[in-house]
Amino acid sequence: MSSLRSPSRRHFLKSSFPLILSSAVLGRAGAVGPNSKIGLACIGTGGQGMANLRSFLTDERVQVVAACDVDVAHREAAAKLAKLTAGDLYNDYREVLKLPKVDAVMNATPDHWHAGVAIASAKAGKDLFSEKPLGASIAEGRAICDAVEEHKRVLQCGTWRRSGLKPRMACELVRNGYIGELKDIEVGVPGKFAIRGGFTGMEAPQEVPAGFDYKLWQGPLPERPYTAARCHFNFRWINDYAPGYITDWGAHFLDVAQWGAGMDETTPVEVEARNVKRRAQGLYDAPEEYEIVYRYANGLKVRMVSTTDAAMYGVKFVGTQGWIFSENETLKASSIDILRTKLKDSDVRLFESKNHHRNFIDAMLSRGQTAAPAPIAQRTATVCYMGSIAAALQRPLKFDPAAEKFEGDAEANALLAKPVREGWTA
């Protein structure tokens, strides 16, 4: 594959990742027989990958057949949990996607690898449970959507609050007008990085440890000196890879906001970031404190703020006749009568999923809908990245949801995709 120089992100994603024989060519036709177990490969078996693996292991319809990670310790931990042999373990995801026994992929790689693995998986005829955010940029997310649609794949994004009872209850009460007309949505996310491992972000470069493929971990992004402070969980505080909690928790909470507002098919049209603060030095340079204000075409306002008050973490819908707050197992309202409301037969009912991982398997077997399919996940991720771009440019921006571009703003549109380092090949 030839070297790539400043390509568009879509060109990069379509050309840099290999087209592997589809499941139809391999005789599986994209579906699993009624008497067969779904063969699942887990790609990315660190913290969230292991959590997903544990959930899939409880589903009697699933057999985990492969584990892949660039860190030998991660894949060996997955092997122990899933009772895999050494021959079932892989360093390079491309080898996994060649396996006929793999029907589906669990993708829990760092954000900057979501698109590469997801698109290659779709091309290979594999269905996808892919972690949030959908891609590492607006352009990447759109490319994933295109690949999933073209290759007729089932995708479940890891925005699992779509399978939560209380977030769904809150959204149904809002959608049916039980707090009056919806006027504002308030979203609270953590205001300080939860750095793991005792790192400060000031660590000096180190020698890459044995058993860790740092070159592959970096993938298409600019090469940087290795330090343990950069990798695994803490990548999310480094702007090269992710914009901190804007996408980490924002992907969950802005998703609930979109759902409750009935905006799954669109995004806000305006965004402004205020009071943005970053660390003055060191690796961890993503936005750490901010207030991001969004407006939809109908005038609805969403305000996302970073805060150290954990009681504010979640989504508060504010209407003309009251409010509802939701986060995971928490459901509060301005009046107990709102929470006691019984929906009428004529009321809007939202998609119901009681278990995010089982819902993915259900959809694989039926070729039906998931709770968090690619188009919905793309809209949520777009809202997140609108915020991170506004935080980077420090000025109000106007956005066209249909075109997925900023209006008349070349500087902002240059940030719709991440740069690909010169000479990168998959």
(request) For residue 316, work out the one condition from (1) of a type in the set (Lys, Arg); (2) open to solvent by less than 70 Å² (accessible area, probe 1.4 Å); (3) farther than 20 Å from residue 165 by Cβ it doesn't fulfil. (result) (3)
(request) Could you tell me which residue of the range 182-196 is nearest to residue 244 (Cα to Cα), considering only residues that are part of a loop (DSSP other than H, G, I, E, B) and open to solvent by less than 70 Å² (accessible area, probe 1.4 Å)? (result) 193
(request) With respect to residue 111, determine if the residue is open to solvent by 10 Å² or more (accessible area, probe 1.4 Å), in contact with a helix residue (DSSP H, G or I) (Cβ under 9 Å, 6 or more places away or on another chain) and either under 19 Å from residue 48 (Cβ atoms) or aromatic (Phe, Trp, Tyr) (or both). (result) yes
(request) Starting from residues that are out of contact with any Lys or Arg (no Cβ under 9 Å at 6 or more places or on another chain) and not β-branched (Val, Ile, Thr), keep the ones in the range 220-244 and report whichever is surrounded by the fewest Cβ atoms within 10 Å (Cβ to Cβ). (result) 225
(request) Could you tell me which numbered condition residue 214 fails, if it satisfies all but one of (1) open to solvent by 30 Å² or more (accessible area, probe 1.4 Å); (2) of a type outside the set (A, V, I, L, M); (3) more than 19 Å from residue 131 (Cα to Cα)? (result) (1)
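Residues of the range 365-397 being charged (D, E, K, R) and either loosely packed, with under 15 Cβ neighbours inside 10 Å or touching a Leu at 6+ places or on another chain (Cβ under 6 Å) (or both), which ones?
Those that are charged (D, E, K, R) and either loosely packed, with under 15 Cβ neighbours inside 10 Å or touching a Leu at 6+ places or on another chain (Cβ under 6 Å) (or both): 367, 395.
Please enumerate the residues belonging to the range 221-264 that are of a type in the set (S, T, N, Q) and either touching a Gly at 6+ places or on another chain (Cβ under 8 Å) or without any contact (Cβ under 8 Å) to a residue 40 or more places away in the chain (or both).
Of all residues in the range 221-264, those of a type in the set (S, T, N, Q) come to 227, 234, 239, 247, 258.
Residue satisfying the conditions is 234 alone.
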(message) Looking only at residues that are β-branched (Val, Ile, Thr) and open to solvent by less than 10 Å² (accessible area, probe 1.4 Å) in the range 253-268, which one is farthest from residue 172 (Cα to Cα)?
(response) 267
(message) Condition first: at positive phi and small (Gly, Ala, Ser). Now tell me which residues in the range 286-340 satisfy that.
(response) 299, 314, 322
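The values are calculated or read from the model by the stated rules, or taken from the named source; none is laboratory data. What you see is a predicted model, and the numbers here were worked out from it, not measured in a lab. Methodologically, a virtual Cβ is constructed for each residue, glycine included, from the backbone with ideal geometry; neighbour enumeration extends over all protein chains shown. Surface areas here come from the heavy atoms of the whole protein model, side chains and all, with no ligands, DNA or RNA. Shrake-Rupley method; radii C 1.70, N 1.55, O 1.52, S 1.80 Å.
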